[in-house]
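What follows is a single structure, written as structure tokens, with notes after it.
The values are calculated or read from the model by the stated rules, or taken from the named source; none is laboratory data. Bear in mind the structure is a predicted one, so any value in this text is a computation, not a measurement. Counting neighbours? That spans all protein chains shown, and the Cβs are built from the backbone with ideal geometry, glycine included. With ligands, DNA and RNA removed, areas are computed over all heavy atoms of the protein, side chains included. Shrake-Rupley method; radii C 1.70, N 1.55, O 1.52, S 1.80 Å.
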Amino acid sequence: SGMSFLHALATRHQRQQRMMASMNGMGASAATEELCKLPRVTCYERSAHPGGIWVSSKEGEQGSVASSSYCESASSNDKDEVEEGILPRMYSSLWSIIPKEMTEFSDYTYSQHFGGKSVPVFLPRKDLLQYITSRATSVDPDIFNGTSEQQTQQLHQIKFRTEVLSVDYDAVINQFIVKSRSIEGTSNGGAGEVDVARYDYCIWAGGQHGKPRIPRPILHLLRVGGCVTKLNDPKSGDANDKVSSVPFKGKILHSSHMSHFNSAVRDKRVVLIGDASSAEDLALQAVKLGCQ
């Protein structure tokens, strides 16, 4: 969502500049006025690269799947947070369940991206990541890594490796107060200082999967345990069956936390909760790893 918004802004900016260059007099003045009306956008991104959850948690893969160098630092900078579940990621073997014809951008087609080559109807994750990032850079190649001077001209700034701590709306001044902090770390190993900024509008662009959702009752049941009835041997003379609570002692993983999936499930007995597409993908992957 964030990439699409910045791409739309860059497209509008480029269009207004072309109009200014092709017009004279009142027309050029009108185009200049419209250009000045474009918003100045600040984008906060906790990760070190664009792509969101489409980037795999597989170590070292990001640099090879992206169409540019923007994801090369992802595995080293994001590895700990991916493992801790702070940054959700797709699993490497994910395939889209939506035909590519239904996810194609009108201003950047699959034919343009793949050079006219024939591609499957259902695309793998890494191809979709390439397509999304390439579309964003098709209008502005420096959209992700511009210098301060370029960012001023582009009307936007991306703050990678930045955590948004809070967002509050101040009705008195009609602005949003955003508190953020760099998570790159300081010279003494601590977190960066808290930065406070004011904005006229605020857009949540983390998507519906920006935070993994595990139903609390199920998580509680796994951690605390359910009631298990143990039938007594009739020969013992004890007529009362024993009821005990047995917690799940294995590793609990969400489908977006796949950095340790192979090592966690290899040759193990695995229970999958849920029967949607992710469960099918991971069940097939688990079987290949010798799981039951």
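Annotations for the structure displayed:
- Contacts under 7 angstrom Cβ, first residue in region 265-278 being among the β-branched types (V, I, T), partner open to solvent by less than 50 Å² (accessible area, probe 1.4 Å) and assigned to a helix (DSSP H, G or I), 6 or more apart: V265/A286; V270/A286
- The set of residues from region 19-48 being part of a loop (DSSP other than H, G, I, E, B) and buried (at least 17 other Cβ atoms within 10 Å of the Cβ) comprises R46, S47, A48.
- Counted residues, region 98-111 - those being under 17 Å from V139 (Cα atoms) and touching a residue at least 24 places away in the same chain (Cβ under 8 Å): 3
- Selection count, region 244-292, where residues are in a loop (DSSP other than H, G, I, E, B), among the β-branched types (V, I, T) and touching a Lys or Arg at 6+ places or on another chain (Cβ under 9 Å): 1
- Taken residue by residue, region 268-277 has no member that is open to solvent by less than 40 Å² (accessible area, probe 1.4 Å), aliphatic (A, V, I, L, M) and under 21 Å from P124 (Cβ atoms).
- Only one of S259, S255 that is surrounded by 14 or more Cβ atoms within 10 Å (Cβ to Cβ) and modelled with pLDDT under 70: S259
For every residue, the table says whether it meets (1) at pLDDT 90 or above; (2) of a type in the set (A, V, I, L, M, F, W, C); (3) surrounded by 13 or more Cβ atoms within 10 Å (Cβ to Cβ).
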residue	(1), (2), (3)
R125	no, no, yes
L128	yes, yes, yes
I132	yes, yes, yes
S138	yes, no, yes
D142	no, no, yes
Q151	no, no, yes
V164	yes, yes, yes
A191	no, yes, no
A205	no, yes, yes
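- Any hit, region 84-99, residues being modelled with pLDDT under 75, open to solvent by 40 Å² or more (accessible area, probe 1.4 Å) and under 23 Å from G192 (Cβ atoms): yes
- Those residues of region 207-236 which are open to solvent by 70 Å² or more (accessible area, probe 1.4 Å), within 30 Å of S256 (Cα to Cα), at pLDDT below 85 and out of contact with any Ser or Thr (no Cβ under 8 Å at 6 or more places or on another chain), in sequence order: Q208, K211, R213
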